[in-house]
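Colleague: Before we start, here is the structure in question, set down as structure tokens.
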Amino acid sequence: MAVKFFGQYLVEKGVVSREAIVEAIALQDKQNLKLGEMAIAMGLVTPADIERAHQNQLSRDMKLGDLLVGTGILSEGQLAEVVARQKATHLYIGEALVQVGALDNEQLARQLEAFKIDQAPYLGESVQLPPGLANSALWEMAVDLTYKLVTRVLGLRFRPGTCQVVTQLSAAHQVAALDFAGDAKGRYLVAVSAPVQKKVAQALLHTAVVDHEPLEVLEDCLLEFINVVCGNVAAKASQQGSALSINPPVNIHPPATGLPLAAQEQGLCFPIHLEDGDLMELYLVLPK
Amino acid sequence: MPKKVLVVDDSLVVARQLEQIIGGSGDFCCIGSVRNGAEAIKANMQDNPDIICMDMNMPGMDGLTALRSIVALDKEVKVVMVTSLGGVSDNFNEAMKLGARCVVSKPFVAEDILRALRAL
């Protein structure tokens, strides 16, 4: 029911054992060189260069490749060569499972086909975002997955509204927020009214009667919903080659007049019009 | 005799869902739930569960850190990670290398949890 990693899918389905997957991961760890290791293997840098770059990373929020280019250790062209070599020699988990004897090629092909069918509900659809947005494909995927999980997890029918650029977050009955870090940074928020909060709780608690539930439980339902959405966004990003991490979700409390965004932030609001006229709002607050 | 399961999740809702699924299964019983990794390590020592169902992304001590400690201290207990981050290859790989028996992704249905527990 979620965005999955192929190896995870195989273990979950009982197609391969835990021992086999651990052996295959070990083989991947041995064969799939990290960027620095590949650059050393290609004779473009020394181990000391990489060590210095790692030290630099402790005080500079940069990816290793960007840092190596920024400090003149690698040219843009050399970095592209290293990345291309990494891709060309990458051992995928399915191939690793064949190499350790857990699957044969025919079984692998059959399981990949079944995996594609399992994951088909999460194939991306287009979402309109403002032009020129950094990491646009990733944020588009985050919005698209939100829509899909509103349907699949909450069971709500809705019409997505047009994306609006905003300079502040509106006050709402509950605003749940979660921060993304890693290859892309941004804050993901969902704002709901009391009736929509109740609908979310009804879906997650699998009951029509939630009026007696304490506020903490009602709020926790929306927090868990965004945790599930953002975890699945990180999983999908991982399939697409981007590393995202997430923090536990929290509630934020904008004042009645709204919470202005900082000068270095840009805000996007995606209204989600529920079929009975209620509104749920998804916000992305991204660095400019 | 039903196997004893400890639930570890900071979400009250998920803890409740898991308690219901486990409690209603007939072959497992939920002996309680705690809300972060540090509490999980303590509860594992005190209550001696057969199985731990544990989230990854929790405030305080996260699930992978707790998994490392639990497996180092207790060779018998079986840990199933139940997490929204299960589909992230790095997280999955790390959990399996540290000793998790399975990783179940959120959102889950009862069948996902019971299949994982019954496969142990």
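The values are calculated or read from the model by the stated rules, or taken from the named source; none is laboratory data. Model, not experiment: these values are computed from the prediction. FYI the Cβ positions are ideal-geometry reconstructions off the backbone, even for glycines, and counts take in every protein chain you see.
Colleague: If you scan segment A:1-45, which residues turn out to be away from chain B (no Cβ under 14 Å), in contact with a helix residue (DSSP H, G or I) (Cβ under 7 Å, 6 or more places away or on another chain) and in a loop (DSSP other than H, G, I, E, B)?
Modeller: A:Leu33, A:Met42, A:Leu44, A:Val45
Colleague: Let me ask something additional. Considering only segment A:261-280, state which residues are touching a Leu at 6+ places or on another chain (Cβ under 8 Å) and either touching a residue at least 24 places away in the same chain (Cβ under 8 Å) or hydrophobic (A, V, I, L, M, F, W, C) (or both).
Modeller: Selection gives A:Leu261, A:Gln266, A:Gly267, A:Leu268, A:Cys269, A:Phe270, A:Pro271, A:Ile272, A:His273, A:Leu274, A:Glu275, A:Met280.
Colleague: So, one more: Is it the case that some residue within segment A:255-271 is buried (at least 22 other Cβ atoms within 10 Å of the Cβ) and either closer than 19 Å to A:Ser170 by Cβ or not assigned by TED's automatic domain parsing to the domain that holds A:Arg152 (or both)?
Modeller: Looking for residues that are buried (at least 22 other Cβ atoms within 10 Å of the Cβ) and either closer than 19 Å to A:Ser170 by Cβ or not assigned by TED's automatic domain parsing to the domain that holds A:Arg152 (or both), one finds at least one in segment A:255-271, hence yes.
Colleague: May I ask you to list the residues in segment A:57-84 that are assigned to a loop (DSSP other than H, G, I, E, B) and within 11 Å of A:Ala39 (Cβ to Cβ)?
Modeller: A:Ile73, A:Leu74
Colleague: Would you check which residues across segment A:99-111 are surrounded by fewer than 16 Cβ atoms within 10 Å (Cβ to Cβ) and assigned to a helix (DSSP H, G or I) and list them?
Modeller: Matches in segment A:99-111: A:Gln99, A:Asn105, A:Glu106, A:Ala109, A:Arg110.
Colleague: Let me ask something else about it. Of the numbered conditions (1) basic (Lys, Arg); (2) over 21 Å from B:Asp112 (Cα atoms); (3) assigned to a strand (DSSP E or B), B:Arg68 fails exactly one; give the number of that condition.
Modeller: (3)
Colleague: Here is a follow-up. Any chance you could count how many residues in segment A:53-109 are of a type outside the set (S, T, N, Q), free of Cβ contacts under 8 Å to residues at least 40 places away in the same chain and in contact with a Ser or Thr (Cβ under 8 Å, 6 or more places away or on another chain)?
Modeller: 2
Colleague: Still on this model: From the list A:Ala208, A:Ala171, which one is more than 30 Å from A:Lys63 (Cα to Cα), more than 14 Å from chain B (Cβ to nearest Cβ), surrounded by fewer than 20 Cβ atoms within 10 Å (Cβ to Cβ) and in contact (Cβ under 8 Å) with a residue 40 or more places away in the chain?
Modeller: Being more than 30 Å from A:Lys63 (Cα to Cα), more than 14 Å from chain B (Cβ to nearest Cβ), surrounded by fewer than 20 Cβ atoms within 10 Å (Cβ to Cβ) and in contact (Cβ under 8 Å) with a residue 40 or more places away in the chain holds for just one of A:Ala208, A:Ala171, which is A:Ala171.
Colleague: Which residue out of B:Val7, B:Val13, B:Val103, B:Val80 is at the interface with chain A (Cβ under 10 Å from one of its Cβ atoms), of a type outside the set (Lys, Arg) and assigned to a strand (DSSP E or B)?
Modeller: After ruling out the rest, the residue left standing is B:Val103.
Colleague: Taking the stated definitions as given, is A:Ala53 within 14 Å of chain B (Cβ to nearest Cβ) and surrounded by 14 or more Cβ atoms within 10 Å (Cβ to Cβ)?
Modeller: It is false that A:Ala53 is within 14 Å of chain B (Cβ to nearest Cβ) and surrounded by 14 or more Cβ atoms within 10 Å (Cβ to Cβ).
Colleague: Something else now. Limited to segment A:229-279, what total is found for residues that are of a type in the set (Gly, Ala, Ser) and within 14 Å of chain B (Cβ to nearest Cβ)?
Modeller: Qualifying residue count for the region: 9.
Colleague: Let me ask something additional. Out of (1) under 18 Å from A:Gln8 (Cα atoms); (2) surrounded by 24 or more Cβ atoms within 10 Å (Cβ to Cβ); (3) free of Cβ contacts under 8 Å to residues at least 60 places away in the same chain, the odd one out for B:Ala40 is which?
Modeller: Failing condition for B:Ala40: (1).
Colleague: If only one of A:Gly267, A:Gly277 is on the phi > 0 side of the Ramachandran plot and not in a helix (DSSP H, G or I), which one is it?
Modeller: Step by step, each of A:Gly267, A:Gly277 is checked, and only A:Gly277 is on the phi > 0 side of the Ramachandran plot and not in a helix (DSSP H, G or I).
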